[in-house]
1. How many residues are exposed (fewer than 12 other Cβ atoms within 10 Å of the Cβ) and in contact (Cβ under 8 Å) with a residue 60 or more places away in the chain if we restrict to segment 12-37?
2. Residue check: is P9 in contact (Cβ under 8 Å) with a residue 12 or more places away in the chain and open to solvent by less than 70 Å² (accessible area, probe 1.4 Å)?
3. Of everything in segment 106-128, what is open to solvent by less than 70 Å² (accessible area, probe 1.4 Å) and either closer than 22 Å to M45 by Cβ or hydroxyl-bearing (S, T, Y) (or both)? Give them in sequence order.
4. Pairs under 8 Å by beta carbon, first residue closer than 20 Å to R2 by Cβ in segment 95-123, partner exposed (fewer than 13 other Cβ atoms within 10 Å of the Cβ) and among the hydrophobic types (A, V, I, L, M, F, W, C), six or more apart or different chains?
5. Looking at (1) touching a residue at least 60 places away in the same chain (Cβ under 8 Å); (2) charged (D, E, K, R); (3) exposed (fewer than 12 other Cβ atoms within 10 Å of the Cβ), which one does D60 not meet, given that it meets all the others?
6. Of all residues in segment 37-83 being within 21 Å of L8 (Cβ to Cβ) and among the polar types (S, T, N, Q), which is modelled with the highest pLDDT?
7. G79 is checked against (1) in contact with a Pro (Cβ under 7 Å, 6 or more places away or on another chain); (2) open to solvent by 40 Å² or more (accessible area, probe 1.4 Å) and fails just one. What number does that condition carry?
Amino acid sequence: MRFMMLVLPRGYTSAAPDTVPDPERVKQMMKYNQELLDAGVLRAMDGLEPPSAGARVTYDTGKPVVTDGPFAEAKEVLGGFWVIEVASREEAVGWAKRAPMNADEFIEVRKVHDYEDWPEDVKKEIGNFEELRQKAEAKR
């Protein structure tokens, strides 16, 4: 089973576009990333720039509307993520508990869809999703 561990740092909603992490925090994260890799569970990972450097596309009017960050109404924002492959939700939560987070951060653990478990009528609409995903991963 694949799980995404989403890092949500409080206060990141108002971070400047050029914000970079403290070198000591990077060192701690790299040690954790290596532990995930050494355990054979790491599938993907990355950090994200703050919302002030991003854009949001909404569709309230039926047409796309682009708003540049920061976003005043944002309460929680994604700061980064890991995708891990483990045997259970409990194992994924165990890995999240080991992450070097500060008191003003939290991790949300979410299972990635197992499309092969979906009903046949839904799987029919997925088409070549798995092939597309594999091609995208191969281009990395």
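The values are calculated or read from the model by the stated rules, or taken from the named source; none is laboratory data. Bear in mind the structure is a predicted one, so any value in this text is a computation, not a measurement. Don't worry about glycine lacking a Cβ; one is built from the backbone with ideal geometry, like all the others, and counts go over all protein chains shown. The protein model used for the area step is the full one, side chains on, heavy atoms only, and it has no ligands, DNA or RNA in it. Shrake-Rupley method; radii C 1.70, N 1.55, O 1.52, S 1.80 Å.
1. Residues meeting the conditions: 1.
2. On the way: in contact (Cβ under 8 Å) with a residue 12 or more places away in the chain: yes; open to solvent by less than 70 Å² (accessible area, probe 1.4 Å): yes.
Criteria met by P9.
3. Step one: list which residues in segment 106-128 are open to solvent by less than 70 Å² (accessible area, probe 1.4 Å), which gives 106-109, 112, 114-115, 122-123, 126-127.
Of everything in segment 106-128, those that are open to solvent by less than 70 Å² (accessible area, probe 1.4 Å) and either closer than 22 Å to M45 by Cβ or hydroxyl-bearing (S, T, Y) (or both) turn out to be F106, I107, E108, V109, V112, D114, Y115.
4. Taking only residues 6 or more apart or on different chains, the pairs are Y115/F129.
5. (1)
6. Going through the qualifying residues, I end up with T58.
7. (2)
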